[in-house]
Amino acid sequence: MNATRTARLALAAATAVVLVASGCGSSGGGGSSSSDASKTFSYQSSEPQNPLQPANANEVGGGRIIQNLFKGLVDYDPSNATLRMQVADSIDTSDSQTFNVTLKSNWTFHDGTPVKSSNFVNAWNWAAATTNNQLNSSWFSDIQGYADVHPESGEPTATTMSGLTVTDDTHFTIKLTTKVSYFEYKLGYIAFSPLP
């Protein structure tokens with residue numbers, strides 16, 4: 001690959017990151033808007049293979065960028081790989097099949113919009129649906145109702161997974177088809193990110 005092509009690809013990737021990070025929005029009104037350098041960031045990595053959507057990034061190039069754009073319920077401490085809470089304040093279970101999630105109330109997306117329970121549940125339902133053809137859809141297969149939105153063959157019989165229930169803006173429940181003792185660790189994968 002020649003230097004010119006490499007430079008063009010790097011510029012395209014950087015532009016995509018800045019557009020996503022800034023929300024691709026404007027102030028409306030049709031006039032010009034000033035840019036605020038404090039609301040943008042740059043990140044150098046490899047070229048993403050797919051659009052920067054958490055449920056469709058399953059390679060390093062996209063995954064690293066997504067990790068810098070979104071925070072999920074949990075992540076892993078890089079020094080010892082232990083689970084640590086991020087957007088979640090707590091994830092409680094007594095049976096490794098039903099998980100009660102409590103979100104931190106002060107978490108926001110980059111544009112200042114609060115992150116709510118529905119941002120997780122709606123993103124996961126969309127990602128799991130076979131009609132949306134997301135590479136990471138199988139990560140949701142433990143959740144009750146996944147087979148209804150993503151059948152092995154034929155058309156889906158539902159648009160949402162029955163195992164996801166929003167209680168209020170900071171609480172939701174995840175019910176699995178069977179007990180999965182390590183499910184909290186799976187929640188650290190980028191496919192489980194919320195979407196605005």
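Hey, can you tell me all the residues within the range 141-189 that are touching a Gly at 6+ places or on another chain (Cβ under 9 Å), closer than 22 Å to K71 by Cβ and not aliphatic (A, V, I, L, M)?
D142, T173, G188, Y189
If a residue must be without any contact (Cβ under 8 Å) to a residue 40 or more places away in the chain and either exposed (fewer than 12 other Cβ atoms within 10 Å of the Cβ) or not assigned by TED's automatic domain parsing to the domain that holds G145 (or both), how many such residues does the range 93-122 contain?
4
Go through the range 75-107 and give me each residue that's over 17 Å from T165 (Cα atoms) and of a type in the set (S, T, Y).
Y76, S79, T82, S94, S105
Just checking, how many residues over the range 77-129 are in contact with a Pro (Cβ under 6 Å, 6 or more places away or on another chain) and under 21 Å from F183 (Cβ atoms)?
4
Looking at the range 72-82 only, could you name the residues that are surrounded by fewer than 17 Cβ atoms within 10 Å (Cβ to Cβ) and not small (G, A, S)?
Y76, D77, P78, N80, T82
Can you give me the number of residues within the range 51-89 that are in a loop (DSSP other than H, G, I, E, B), under 23 Å from T170 (Cα atoms) and modelled with pLDDT of 85 or more?
Qualifying residue count for the region: 5.
Let's see how each residue does on (1) modelled with pLDDT of 95 or more; (2) under 26 Å from D77 (Cβ atoms); (3) of a type outside the set (S, T, N, Q):
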| position | (1), (2), (3) |
| --- | --- |
| S96 | yes, yes, no |
| S141 | yes, no, no |
| A158 | yes, no, yes |
| D169 | yes, no, yes |
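The values are calculated or read from the model by the stated rules, or taken from the named source; none is laboratory data. What you see is a predicted model, and the numbers here were worked out from it, not measured in a lab. As a convention, Cβ positions derive from the backbone with ideal geometry for all residues, glycine included, and neighbour counts pool all protein chains shown.
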